[in-house]
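The values are calculated or read from the model by the stated rules, or taken from the named source; none is laboratory data. Here the structure is a predicted model, which means the values were calculated and not measured. Please note: Cβ atoms are built from the backbone with ideal geometry, for glycine as well, and neighbour counts cover all protein chains shown. When the accessible area is computed, the model is the full protein with side chains, heavy atoms only, and any ligands, DNA or RNA have been set aside. Shrake-Rupley method; radii C 1.70, N 1.55, O 1.52, S 1.80 Å.
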Amino acid sequence: MPEETAEELKETGTAKTKSFQSVSVLFTDFKNFTQASELLTPEELVSEINHCYSEFDKIVTKYGIEKIKTIGDAYLAVCGLPLPDVAHPQKVVQAALEIVAFMQARHQEMGNKTFEIRIGINSGSVVAGIVGVK
């Protein structure tokens with residue numbers, strides 16, 4: 001969670017919904033997740049996802065991109081919020097290219113015991129807010 005949002009939650013117990021006019025969103029998922037998961041024990045599966053997402057975290061941090069959430073084999077990050085960044089499209093594309101290179105190298109090393117990657121990028125306006133109570 002962005003520090004600014006965390007502070008607002010601490011102070012007021014809620015966080016206001018905000019509009020951001022120019023951001024880039026990066027979304028990944030693993031193409032052959034089901035097939036790879038059939039070759040791995042549950043512990044190996046979680047370990048491999050952790051290994052991949054830890055590397056994704058390093059990459060997005062390097063470019064000033066904010067990781068929003070992971071859900072299973074999906075990874076969501078955004079650049080240009082909470083602070084505007086005019087270079088958000090370039091940074092997200094650079095991060096995506098590094099993620100692809102990492103996953104290609106990982107696949108060469110691990111074969112079918114890791115994943116192929118799909119990445120989507122979109123730039124434009126978003127509305128962001130905290131939903132739910134947990």
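For this structure, a couple of remarks:
- So residue 84, is it touching a Phe, Trp or Tyr at 6+ places or on another chain (Cβ under 8 Å) and either under 22 Å from residue 128 (Cβ atoms) or of a type in the set (Asp, Glu) (or both): yes
- Within segment 6-27, considering residues that are among the small types (Gly, Ala, Ser) and assigned to a strand (DSSP E or B), the one least open to solvent (accessible area, probe 1.4 Å): 24
- The condition of being of a type outside the set (A, V, I, L, M), more than 20 Å from residue 19 (Cβ to Cβ) and in a strand (DSSP E or B) holds for only one of 106, 118, that being 118.
- Matching residues, segment 69-96, being closer than 23 Å to residue 32 by Cα, outside any helix (DSSP H, G or I) and either open to solvent by 40 Å² or more (accessible area, probe 1.4 Å) or charged (D, E, K, R) (or both): 69, 70, 71, 72, 73, 76
- Segment 97-120, residues that are open to solvent by less than 80 Å² (accessible area, probe 1.4 Å), more than 14 Å from residue 58 (Cβ to Cβ) and within 14 Å of the chain's Cα centre (by Cα): 100, 117, 119, 120
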